[in-house]
């Protein structure tokens with residue numbers, strides 16, 4: 001379903017975008033590629049260290065808490081499921097905001113951007129709770145209270161990687177929320193209505209989907225594998 | 001200024017016809033179903049150990065790649081762009097898979113070599129810490145090396 005180029009159309013002769021997208025959008029894609037490599041490098045180094053270890057903590061044991069519930073949940077990974085759902089939902093509302101932008105529907109864009117921001121803030125709140133809870137159990141950079149799955153003493157690699165990578169991702173979510181708030185204000189002020197297009201929302205959307213995409217991989221590496 | 005404005009507006013309204021709310025919600029349901037399935041398998045495995053973990057990991061990786069594909073293709077709209085643009089993203093991503101494989105192989109090799117030649121490491125890895133009876137009692141701040 002990729003766009004086909006009309007026969008005889010010269011793409012690389014200058015004067016037009018050879019990929020038929022706006023410059024800013026193309027550059028956002030390439031920035032996301034570079035960021036993907038950064039996250040990828042972090043996750044691959046996590047995988048390498050884990051593969052080189054004889055044993056590792058069991059995520060089903062470590063991640064069993066839920067806000068408001070004393071002790072452990074009957075099933076593991078409940079809280080992180082909620083976080084994943086929140087982030088995917090916010091991605092959907094972001095796409096709907098972009099769609100509203102295509103229709104030049106200013107109020108629609110504002111509504112969906114508002115929900116996206118809410119989702120982002122909810123995710124950040126959840127992550128903050130998770131960090132606080134783990135810290136309360138004695139986990140932090142350089143401190144790992146959890147045992148390996150085979151009962152042996154675990155290294156600080158586990159917590160170091162966990163906090164660094166989820167922290168780096170959380171930082172991206174935070175900056176994404178800031179960008180989305182700026183987009184909302186610009187929409188409200190009518191900046192895009194005046195320009196005649198909502199391309200900025202699309203670019204912010206690409207960044208937000210990237211944040212969601214990274215979470216999908218982080219979630220898999222730390223909680224499932 | 002005018003020239004950039006018109007090309008930008010052009011680009012913005014070019015593929016408007018391919019935007020469909022239905023496709024977006026369909027993608028959402030696909031993502032949700034895959035995620036719920038992965039979680040169900042993880043919890044079921046935790047309770048019953050019904051599959052070798054490696055096999056289960058393979059399923060998780062495939063599920064994750066499927067989700068990534070849908071997010072990039074539909075949410076980020078890459079599927080509807082020009083083929084060359086798709087390639088500038090797709091080809092480096094494919095090379096990335098080599099990057100992943102190479103380093104995991106390396107990590108595994110490191111583990112095998114270390115277990116083979118470093119007796120101290122093997123002994124340390126076998127030391128079972130006393131099983132904790134009460135959850136909040138025998139927690140030690142960990143630092144093995």
| Of B:108, B:115, B:120, which residue is modelled with pLDDT of 90 or more and exposed (fewer than 13 other Cβ atoms within 10 Å of the Cβ)? | B:120
| Are any residues in the range B:57-88 under 16 Å from residue A:22 (Cα atoms) and either in contact with a strand residue (DSSP E or B) (Cβ under 8 Å, 6 or more places away or on another chain) or free of Cβ contacts under 8 Å to residues at least 24 places away in the same chain (or both), and if so, which ones? | B:76, B:78, B:80, B:81, B:82, B:83, B:84, B:85, B:86, B:88
| Filter result for residue A:160 (out of contact with any helix residue (DSSP H, G or I) (no Cβ under 8 Å at 6 or more places or on another chain), crowded, with 16+ Cβ neighbours inside 10 Å, modelled with pLDDT of 95 or more and more than 28 Å from residue A:20 (Cα to Cα)) | yes
| request: Go through the range B:129-140 and give me each residue that's surrounded by 12 or more Cβ atoms within 10 Å (Cβ to Cβ) and either over 22 Å from residue A:160 (Cα atoms) or modelled with pLDDT under 50 (or both). | output: B:132, B:138, B:139, B:140
| task | Tell me, please, whether a residue that is assigned to a loop (DSSP other than H, G, I, E, B), surrounded by 14 or more Cβ atoms within 10 Å (Cβ to Cβ) and over 23 Å from the mean Cα position of the chain (by Cα) can be found in the range A:22-32. | result | yes
| (1) surrounded by fewer than 16 Cβ atoms within 10 Å (Cβ to Cβ); (2) under 28 Å from residue A:100 (Cα atoms); (3) within 14 Å of chain B (Cβ to nearest Cβ): which one isn't true of residue A:182, the others all being true? | (3)
| task | Have a look at A:123, A:79, A:114 and point out the one that is more than 10 Å from chain B (Cβ to nearest Cβ), in a helix (DSSP H, G or I) and in contact with a strand residue (DSSP E or B) (Cβ under 6 Å, 6 or more places away or on another chain). | result | A:79
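The values are calculated or read from the model by the stated rules, or taken from the named source; none is laboratory data. The shown structure was predicted, so the numbers you read here are calculated from the model rather than taken from an experiment. Cβ: placed from backbone, ideal geometry, glycine included. Neighbour counts: every protein chain shown.
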